[in-house]
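Reading through the structure tokens given below for one structure.
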Amino acid sequence: MRDADTRGTVQRREKLTPRGRQRRMPWVIRDVVKDVNKAVARRWKILDPLLPEPSDLPEGCMPPLLSIGEGGRPVGLGVCRHQYVAADTLAQTWGAATKFVLSVRLRETDPRPALDDLLTQWREHLERQPEAEKEDTAAVVNWPSRDVAGVLALLEHGLQPMSVIAARPARRPDPAGPVRPGTNTGPGLLIRPAGPGDLDVVTELELGVVRYDAQFGGSVPRLATEALVRAETQAALAGRPGWTWLAERDGQPVALAVVEPPAAATWIANMARSGATAYLQTMFVRPGVRSGGIGAALVRHVHGELDARGVDLTLLHYAQVNPLSAPFWHRMGYQPLWSTWEARPAAALR
Ligand SMILES: CC(C)(COP(=O)(O)OP(=O)(O)OC[C@H]1O[C@@H](n2cnc3c(N)ncnc32)[C@H](O)[C@@H]1OP(=O)(O)O)[C@@H](O)C(=O)NCCC(=O)NCCS
């Protein structure tokens, strides 16, 4: 099971279990949420038309934190959830084992004062959680990338921008159609769908991304990672033929792209406006042949396939400080949609 939503949590291949009792939200607060959400919907539409309608806030570990503005009017709400990511899932390779996630809704065009207030209250709450001191924990806030007015408050509270969810709306299919599998493209490449017989090389290239992203804290390699990657790869190659591609040069696989089709990407689809949404899970070019056009040729091929298959939007994650992925994805037509801000360990929240 994967879980990701506009309520504030999204992590690649997430499998989450709420920790402790989640409290039901009082009805009077529900009315406030509805009211604040209306204002948030207006703000988000202006900020970025790819953002979804804000969803209801989830049940949290306690009643929602409230920020009260002039005249006693609620201007901000925050719900904290404590989540445990199971050790026997790949989700733990993509972040901390225990997460304290704050979902926020802020009414005003300048959200900074209310956000500052909510983050202060949240820090006081985390100070009372002995578990937040542990190394393998994170305090997490998902924030619309274009909502720049809140960034200073996030920084002042010790949060760091760790990763980005980027989005690419589909283009009209190229009249020439996608490059056919098995045809030569770009820089002397043969691009072809991978099959069950490619398990070893696809696993190896998948692990290449895990190792590369570990340099930025984007991934956290665990003892079980290798076996879990292999098992997931095996299942994907057998169960989702046609969504994994290898680029070969001189008969040797040099690059890998893996996409989750819309039916498998529902865990992240509601981070964006509605439509058939795919998730580009993996992109890797072998170190010795990077910056020579192979990545671009493979991604253009994949995009041609996705556009032709009726995918409306493609989402992906990249680590904010990965110096290769951010320029690459922006060049390939992706725009930042959500930024995930984290303090690790959670007690590092200021
Ligand atoms: C990101 C990656 C897939 C790009 O593949 P690549 O084959 O090196 O990229 P290309 O040569 O096709 O370059 C395409 C565009 O990326 C950008 N780019 C490529 N190399 C770059 C570099 N060293 N610095 C900055 N931008 C670069 C450029 O905009 C380039 O377009 P241009 O040549 O028209 O200017 C590859 O570097 C890689 O596997 N990195 C390690 C793993 C990784 O980060 N994966 C993505 C995880 S989200």
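The values are calculated or read from the model by the stated rules, or taken from the named source; none is laboratory data. Everything quoted here is computed from the prediction, not taken from an experiment. Counting neighbours? That spans all protein chains shown, and the Cβs are built from the backbone with ideal geometry, glycine included. Ligands, DNA and RNA are excluded from the accessible area calculation, which covers all protein heavy atoms including side chains. Shrake-Rupley method; radii C 1.70, N 1.55, O 1.52, S 1.80 Å.
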> Looking at H317, is it crowded, with 20+ Cβ neighbours inside 10 Å, more than 14 Å from the chain's Cα centre (by Cα), more than 6 Å from the ligand (Cβ to nearest atom) and in contact (Cβ under 8 Å) with a residue 12 or more places away in the chain?
Replying inline: no
> Pairs under 8 Å by beta carbon, first residue open to solvent by 60 Å² or more (accessible area, probe 1.4 Å) in the range 97-121, partner basic (K, R) and assigned to a helix (DSSP H, G or I), six or more apart or different chains?
Replying inline: T109/R43
> So which residues in the range 64-95 are touching a helix residue (DSSP H, G or I) at 6+ places or on another chain (Cβ under 8 Å), among the small types (G, A, S) and crowded, with 19+ Cβ neighbours inside 10 Å?
Replying inline: S67, G76, G78
> In this structure, does T266 turn out to be more than 22 Å from S325 (Cβ to Cβ) and either more than 13 Å from the ligand (Cβ to nearest atom) or out of contact with any Cys (no Cβ under 8 Å at 6 or more places or on another chain) (or both)?
Replying inline: yes
> Scanning the range 249-263 for residues that are open to solvent by 60 Å² or more (accessible area, probe 1.4 Å) and over 22 Å from the mean Cα position of the chain (by Cα), which turns out nearest to the ligand (Cβ to nearest atom)?
Replying inline: R249
>> Please go through (1) under 30 Å from V140 (Cβ atoms); (2) surrounded by fewer than 22 Cβ atoms within 10 Å (Cβ to Cβ); (3) not aliphatic (A, V, I, L, M) for G295 and return the number of the only condition it doesn't satisfy.
In response: (2)
> Of the residues P52, P58, which single one is on the phi < 0 side of the Ramachandran plot, at pLDDT 95 or above, surrounded by 15 or more Cβ atoms within 10 Å (Cβ to Cβ) and in a loop (DSSP other than H, G, I, E, B)?
Replying inline: P52
>> Give all pairs with beta carbons closer than 6 Å in which a residue from the range 290-314 that is within 13 Å of the ligand (Cβ to nearest atom) meets a residue that is open to solvent by less than 10 Å² (accessible area, probe 1.4 Å) and at pLDDT below 95; count only pairs at least 6 apart in sequence or on separate chains.
In response: A297/L189
> Across the range 271-295, what is the total count of residues that are part of a loop (DSSP other than H, G, I, E, B) and under 17 Å from A170 (Cα atoms)?
Replying inline: 6
>> So in the range 320-338, with the set limited to residues that are under 14 Å from the mean Cα position of the chain (by Cα) and assigned to a loop (DSSP other than H, G, I, E, B), which one is farthest from R300 (Cα to Cα)?
In response: Q320
> Any chance the range 97-111 includes a residue that's assigned to a helix (DSSP H, G or I), in contact with a helix residue (DSSP H, G or I) (Cβ under 9 Å, 6 or more places away or on another chain) and of a type outside the set (S, T, N, Q)?
Replying inline: no
> In the range 185-201, is there at least one residue being in contact with a Gly (Cβ under 8 Å, 6 or more places away or on another chain) and assigned to a helix (DSSP H, G or I)?
Replying inline: no
> Counting just the residues of the range 173-193 that are open to solvent by less than 40 Å² (accessible area, probe 1.4 Å) and closer than 11 Å to A255 by Cα, which one comes out modelled with the highest pLDDT?
Replying inline: I191
>> I'd like the residue in the range 320-345 that is small (G, A, S) and under 18 Å from A138 (Cα atoms) and, out of all such residues, is farthest from the ligand (Cβ to nearest atom).
In response: A343
